[in-house]
Each structure stands twice: as C-alpha cells, then as structure tokens.
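Report on the structure given below.
The values are calculated or read from the model by the stated rules, or taken from the named source; none is laboratory data. For clarity, every value in this text was computed on a predicted model and none was experimentally measured. So basically every Cβ, Gly included, is an ideal-geometry build from the backbone, and we count neighbours across all protein chains shown. Only protein heavy atoms, including side chains, enter the accessible area calculation; ligands, DNA and RNA are left aside. Shrake-Rupley method; radii C 1.70, N 1.55, O 1.52, S 1.80 Å.
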Amino acid sequence: MSSNGHHDVIIIGSGAGGGTLAYKLAPSGKKILLLERGDYVPREKDNWDTRVVNVEGKYNTKEVWYDKDGKSLHPHTNYWVGGNTKFYGAALFRLRQEDFGELKHAGGISPAWPISYEDLEPYYTQAEQLYQVHGQRGEDPTEPKASAPFPHPAVSHEPRLQQLSEDFARQGLRPFHTPLGIMLDEKNPRASACIRCNTCDGHPCLVYAKADAQVLCVDPALAHKNVTLLTGAKVTRLETAAGGREVSRAVVEKNGHAESYSADIVVVSAGAINSAALLLRSANDKHPRGLANGSDAVGRHYMGHVNSVQMALSLCPNPTVFQKTLSVNDFYFGSKEWPYPMGHISFVGKLDGDTLRAGAPAFAPQWTLDQMGKHSLDFWLTSEDLPDPSNRVTLNSKGDIVLSYQVNNEEGHQRLTAKLKEVMQKQTKCAAHGHECHQGLFARNLFLGQRIPLAGVAHQNGTIRFGRDPKMSVLDANCKAHEVDNLYVVDASFFPSSGAVNPALTIIANALRVGDHLLERIK
Ligand SMILES: Cc1cc2nc3c(=O)[nH]c(=O)nc-3n(C[C@H](O)[C@H](O)[C@H](O)COP(=O)(O)OP(=O)(O)OC[C@H]3O[C@@H](n4cnc5c(N)ncnc54)[C@H](O)[C@@H]3O)c2cc1C
Ligand code: SF4
C-alpha cells in the first residue's frame, strides 16, 4: 500500500457537512485533504432530463445495499463532489427552537440535543449567508428567532401557488415562502444565475446556480493552495495507533489500488449511512465493535423522516414551473384537536408524466400519467421519526451495508395528511370551478404503498449521535468521538433527533460550528 504524506486535517466526503467544513478551514493555511469517492457531476444536457435522472437514475449510485431480510435495495443516494447537495431541492430550513429540547410525540419521545438552538443560531445565520438563502422572516408561525434577515428576498409564487397560498390564508393558516438556496435574482432576470427551471429538485443544476456544496464550498476552498481534493478516493477503513486513542491512517481505494493517508485530525462526513458503515468496518482489537463504538450506538438510531408525496389533482391545470416555493407549518407541533407534533407541509419539484413513470406499473398508460402531471399540485409531507436503536446500519458478511428500519410515530403523519385533505377540499379561489376544482389527494406511491420506500434515504441521519453521556452517544458536543482524540464526524450522523424540516441547513450550520472548534484546536 502506498503511503502519501501527512496532513493537518483529512475530511472524508465533500457534501453538506464535509464540503462546508473544507470551506471553513481553507483560509487557515493548514494542509487539508478532502477525500471524495465520487467525481465531479459531468455538465451535460442529461442533468435536466427528467427521464434520464428520475427513471433511469443516471447519477444514482449503482451500489447495492440490503434490508434486514437480506433483500437487495438500490439506495437513492449520490456519490459526487458536493454529495447529495448536487441533487437536493435546496429548501434550507432551521430546526425549530423546540426541536433542540425533549419533545413528546404520540409515538414516544424525541430526545434533547446536547446543544441549544441559541448555540447554533449564529451558525445558522452564517449558513444562510453562505448558501445564499432566499426567504422572508416573520411569515412562518414556528420560525425560531434569528439574528439577521435572510440575505436574499423570498422566491415568489407562480400564479397557481399564489392562489393556493391565498386559499390557505383565508382558512386561517399561515402559509409562507419556503427558504430556498437558489441564486435567483427576480429583480434583474438578465443577470440572474438561476433561470427558474422545472428540473431543480432531484437534478444537478446545469448552470451552477443551485447553492450546493461543490459550487459554494469545495471549489472556493480549492482556490487555497493548502487544500487538496482527491476524487475517486473511497475510504475503506480507518486504522488507529497502538493505544487506540488516535486514528493513524485512512486507507483509501483509488483506481483499484490501496493507498493510505494520515493527518493530525480526521473528520468523517460520508453521509449518515456510509459514515456508520466506515466506523463499523474499522473495528480492531482496541475497538472490537467498530471504531469509537464502546457505546454500541454506531449505526443505531437511523432516522430518515416519515415522508410522503401527495398529489392533489385539480380540474384546472397546474402550469407552475418552479413549484417549491410554498410551505405550511401550522400543524408542526399539533392542532387544537391533537396535542402532538404532526410535521411540515411543502412541495417537491413539479412532477411530470416521465417522473411518474418511475414507480408506476407497466400497464399505466403514459397519457394518464402525463395528464396527472399536468393537473397536480405535488406536496411533500415530512413528519419526525423517532430514534429507535433497532433501526440501524450494520454490515453483512461481505462488508455490504444492511439497513434495518421499521417506521415509527406514523400517526402524526396520517393526521397531517388528513389535515391537508381537509384544507384542500375547502379551496374556493378557482374562478371556474370553485371548490369543485379539487378532485382529491393521491399518494405519489399509489402503486407501491403510501410512504417513500426504504431506498429513499435522502434525509438519512442519526447513526453516530452526539451527546453528553459516552454510554449513550458516540460523539461529544463538539462532534469529536468520545473514545478517539482526533476523530470528528460532521455529516447528518450526529443528529440525536431529526425534527420535521429538511436537514441540510442544520448539517451546514453544525459543520461551521465544528469548524470554529477545529480552528481553535489547530491554530
Ligand atoms: C433528491 C434529494 C432532494 C433533497 N432535498 C433537500 C432539500 O430540499 N433540503 C434539504 O435540507 N435537504 C435535502 N436533501 C437532503 C440533503 O441533500 C442531505 O441531507 C445532505 O446532502 C446530507 O449531507 P451530508 O454531509 O450528511 O452527506 P452528503 O451530502 O451525502 O455527502 C456525503 C459525501 O461523502 C461521500 N462518500 C461516501 N462514502 C465515502 C467514502 N467511503 N469515502 C469517501 N467519500 C465518501 C459521498 O460521495 C458524498 O459526496 C435532499 C436529498 C436528495 C437526494
Ligand atoms: S437554474 Fe435555478 S431552478 Fe434551475 S436547476 Fe439551477 S438553481 Fe434550480
């Protein structure tokens, strides 16, 4: 195995966590090595082809994982520079202040974090600035206190969404503009990097106008000559020095060969499932259950949110191009009739007949799918799943990833869906059909079951939780492993609970926070 010199910091994975941390540490002048298993997403017209992206899954990993019964699954995740932020919908939410404390749900307890909202708040503000979030403070009824306005104005609704927003407001709801990381300048369209297209959520941005970790963090970090990026470099194992308290080298598979790299500090940020798998694969005589796994928590408490896509069909068409502008949080913590959290209502990118083909049976006529796509409002519902130790990442005898997951806390999601049904039936603003315009709510996974299937790991988190008690958690409040002095984790693994909003801004803010701690440590 070739050995490749010593660095101050190695970061494994260049997504929301790792890419952001590289950006934060770059100006320090320290020798930083970013190890990324993927390559740059090629810039090509296929980036914006819904059939190629959603049906053929051109950019998804072809890796095979297994469920708890040994059945193979094809994870909807992406290994590229920038990680899953290359494909995300860029809805960039802060967790609610209450999400940092203990919250009682119908299905159990969502545990408290070892840090408070106030600890993370300055970093949320920095994260919103770095990822150019467009939004409007004061509209979202559950929004936590912020020390600065959004750096850019909210992305406007197109007419069908504006009509829906007014319909919701008339019923007493407080719909608001989704905070979005797209570089859209509506006042000056000719100078705007973003062209407001219909292939954003789930697609890479062909014109580099999405606020993703590659464009905003990795590439700027590489402008510093002390930062090196190695692509096609899959870290297969971390080895420790004799006492077991220090990672001594990262073993990398590159072009079919094994290489090794060492650093004073090693930061794992390979995504919640791969990071847990990496620590488990790094078991040795000092760490027999997996690296830093004296607590047996590595890989456990996997969460991915209880998510579903609900299509509301109307008689009138929905010609919206960029649909992800509207959100509703009125039921986030419950309702008058039900005192438990239900979750968050927002939108996915506009679905079309091609996208609906994925998941539809072969006999479903394309014409029907095209008509559905033309007439639907496509909601994304998110409820919190609770950290169950049996929901976990393990390895099979060949070292492949096994994901065991039993959904929990589902009643909140069912009630949220029922609430959406109720408010959709009460629409009146359609001039042609009044409330008859709404024809019903249908789960997008109509043919496969109501929820996003196990392979939908977009919101994966929780597998290497942080906490104050080393018996119950893997990381301390600075995201350093309790049992290893130079090992940190900054991807979504650290979440002890997941709230019910999209996770990326919290991952980014935390990476900036851990970055401050590391700058202090290495200065
Ligand atoms: C279609 C889609 C839409 C989404 N929409 C939103 C949204 O609107 N808002 C939101 O907040 N979130 C959204 N998400 C989720 C968001 O993208 C993730 O939460 C976020 O990217 C996770 O950041 P991370 O750093 O944990 O991991 P990732 O961003 O996944 O980065 C992990 C990186 O590690 C690399 N890697 C993995 N294993 C290894 C290894 N062994 N060696 C070296 N490198 C490795 C991977 O290639 C990858 O680059 C979406 C996700 C998807 C897929
Ligand atoms: S141009 Fe704008 S809307 Fe289209 S993919 Fe890029 S960021 Fe998204």
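Listing for the model above:
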{"quantity": "Label-point separation, Ser390 to Asp49 (7 Å along Cα→Cβ), nm", "calculated": "4.5 nm"}
{"quantity": "Full-extension gain in nm, Lys429 to Asp67, via 0.36 nm per residue minus C-alpha separation", "calculated": "125.7 nm"}
{"quantity": "Extent along principal axes [Cα atoms of the range 433-523; Å; largest to smallest]", "calculated": "66, 26, 20"}
{"quantity": "Cys residues of the chain counted as unpaired, since no other Cys beta-carbon is under 4.7 Å", "calculated": "Cys194, Cys197, Cys200, Cys205, Cys217, Cys316, Cys479"}
{"quantity": "Amide H contacts under 5 Å for His105, placed H, 5+ residues apart", "calculated": "Ser110"}
{"quantity": "Percent of Cα pairs exceeding the 13 Å cut-off, where the set is the range 215-269", "calculated": "68 percent"}
{"quantity": "Label point at Glu337 placed 7 Å out along Cα→Cβ; residues across the range 147-188 whose backbone nitrogen lies under 17 Å", "calculated": "171-173"}
{"quantity": "Burial order of peptide ranges 90-97, 217-224, 167-174 (average beta-carbon count within 10 Å, highest first)", "calculated": "90-97, 217-224, 167-174"}
{"quantity": "Accessible area in the full protein assembly, largest first, 1.4 Å probe, for Glu483, Glu102", "calculated": "Glu102, Glu483"}
{"quantity": "Stokes-Einstein translational diffusion, the range 324-439 - Kirkwood Rh over all Cα pairs, 1.306 mPa s, 10 °C, in µm²/s", "calculated": "91 µm²/s"}
{"quantity": "3J(HN,Hα) from dihedral phi, the range 296-303, Karplus parametrisation 6.51/-1.76/1.60, rounded to Hz, x for glycine, proline", "calculated": "6, 8, 4, x, 7, 6, 4, 10"}
{"quantity": "Against the rule of thumb 2.2 N^0.38 Å, how large the Cα Rg of the range 287-337 comes out", "calculated": "2.13"}
{"quantity": "Spread of Cα-to-Cα distances over 5 Å intervals beginning at zero, given as percent, for the range 101-151", "calculated": "4, 17, 19, 22, 15, 14, 7, 1"}
{"quantity": "On Cα atoms only, tilt of 366-375 relative to the major axis of the chain in degrees", "calculated": "80 degrees"}
{"quantity": "Theoretical gain in end-to-end length, Glu118 to Glu410 [0.36 nm per residue, Cα-Cα removed]", "calculated": "102.1 nm"}
{"quantity": "Å² per residue, accessible surface of the chain at 1.4 Å", "calculated": "38 Å²"}
{"quantity": "Separation between Cα centres of the range 176-198 and the range 28-77, rounded to whole Å", "calculated": "26 Å"}
{"quantity": "Neighbour cut-off at most 13 other Cβ (10 Å), DSSP loop, trypsin sites (Lys or Arg not before Pro), the range 327-394", "calculated": "Lys336"}
{"quantity": "Pairwise centroid distance, computed over Cα atoms, of the range 278-354 with the range 473-510, Å", "calculated": "17 Å"}
{"quantity": "Per-residue HN-Hα couplings for the range 175-189 [Karplus 6.51, -1.76, 1.60; θ = phi - 60°; Hz; x = Gly/Pro]", "calculated": "x, 9, 7, 4, x, 10, x, 10, 8, 9, 10, 6, 6, 9, x"}
{"quantity": "Label point distance in nm, Leu519-Gln97, each placed 7 Å from Cα along Cα→Cβ", "calculated": "2.7 nm"}
{"quantity": "The chain - mean residue ellipticity at 222 nm from DSSP helices (-39,500 (n - 2.57) per run, n ≥ 4, rounded to 500)", "calculated": "-6000 deg cm²/dmol"}
{"quantity": "Percent carbon-and-sulfur accessible area, the range 133-283, ignoring ligands, DNA and RNA, probe 1.4 Å", "calculated": "51 percent"}
{"quantity": "Point-to-point label distance, Lys225-Asn284, nm (Cα→Cβ direction, 7 Å offset)", "calculated": "3.5 nm"}
{"quantity": "The range 182-305 - convex hull of the alpha-carbon atoms, volume per residue in Å³", "calculated": "169 Å³"}
{"quantity": "The chain: angle of helix 117-130 to the longest principal axis, Cα-based, in degrees nearest 10", "calculated": "80 degrees"}
{"quantity": "Neighbour cut-off at most 11 other Cβ (10 Å), DSSP loop, chymotrypsin sites (Phe, Trp or Tyr not before Pro), the range 346-430", "calculated": "Phe363"}
{"quantity": "0 to 90° range, to nearest 10: angle between helix 504-522 axis and the chain longest Cα axis", "calculated": "20 degrees"}
{"quantity": "Of Lys145/Lys225; Lys210/Lys480; Lys324/Lys421, those spanning more than 29 Å from alpha-carbon to alpha-carbon", "calculated": "Lys145/Lys225; Lys210/Lys480"}
{"quantity": "Percent breakdown of C-alpha pair distances by 10 Å bin, ordered from the shortest bin, for the chain", "calculated": "4, 19, 31, 27, 14, 4, 1, 0"}
